[in-house]
DNA sequence: CTCCCGATAT
DNA sequence: ATATCAGGAG
């Protein structure tokens, strides 16, 4: 099967599996989602949520992060790993937001990726999830793995996988396809022990010789 | 390409 | 002991 043939039935199966696919990060404002997404690098959502539960009470809005004591912020972010990088990125991002965007999270991908610590993946998460804007397709480690296994892309760089996906997935499905495929990758098509025997779309999968 | 980082699964 | 986890920067 070609990618174009796989996508329609794949979307149907994804809809059965995850009827209201949404990101599992906890947030109440676009700014909080942006910060949470930045903290999610190489870290499970569950641990990010554990940290942000107290973090977002302590620091409310970009000004609080911009003016925070860096060493203290590093300590607060420690459980998420890469804490020095993340503290620096979150702080610089907050300052840029105040300096250039009036403290508001921009709503274009071009503007978002100019922020320190924000690339296409994080930008797409914020735009797809908080603003429901189909600016692109989230390609994280899960979407990359599922796309490769199912034969939707032969590329390995997330940005190129995203291009391949954008060609075959209709734009009005982008905000569903991304989050739903993340969940499929997380709970069924796992990195180590994919649950092919119970997978609802095994018959569409290149891994099974389709 | 390497580095950043620690917790958890296998 | 090693791979992996909702990545991005230099």
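Shape analysis of chain A based on the Cα gyration tensor places the equivalent ellipsoid semi-axes at 33, 18, 14 Å, largest first. Each peptide among A:150-160, A:28-38 gets the average number of other Cβ atoms lying within 10 Å of its residues, and from highest to lowest they stand as A:28-38, A:150-160. Dividing the C-alpha radius of gyration of region A:140-201 by 2.2 N^0.38 Å, with N its residue count, gives 1.07. Dividing the alpha-carbon radius of gyration of region A:30-130 by the rule-of-thumb value 2.2 N^0.38 Å gives 0.96. One chain, two ends: residue A:17 and residue A:195. Fully extended at 0.36 nm per residue, the span grows by 62.7 nm beyond their Cα-Cα distance.
Considering all different alpha carbon pairs of region A:106-210, the Kirkwood hydrodynamic radius works out to 14.2 Å.
Given only helices, namely DSSP H runs of n ≥ 4 each adding -39500 (n - 2.57), what is the per-residue ellipticity at 222 nm of chain A, to the nearest 500 deg cm²/dmol? Taken over chain A, the calculation gives -16500 deg cm²/dmol. Peptide packing: for A:129-138, A:64-73, the average count of neighbouring Cβ atoms within 10 Å per residue gives the ranking A:129-138, A:64-73, highest mean first.
Within the listed set A:141, A:107, A:198, the Gaussian network model of chain A (springs between alpha-carbon atoms below 10 Å) gives the highest mean-square fluctuation for A:198.
Distance from the Cα centroid of region A:130-164 to that of region A:175-209 is 13 Å (rounded to whole angstrom).
Quick note: the coordinates plus some simple rules give every number you see, no bench work behind them. Please read these numbers as outputs of a predicted model, since none were measured by experiment. For neighbour counting, all protein chains shown are included, and Cβ atoms are generated from backbone atoms with ideal geometry for every residue, glycine included.
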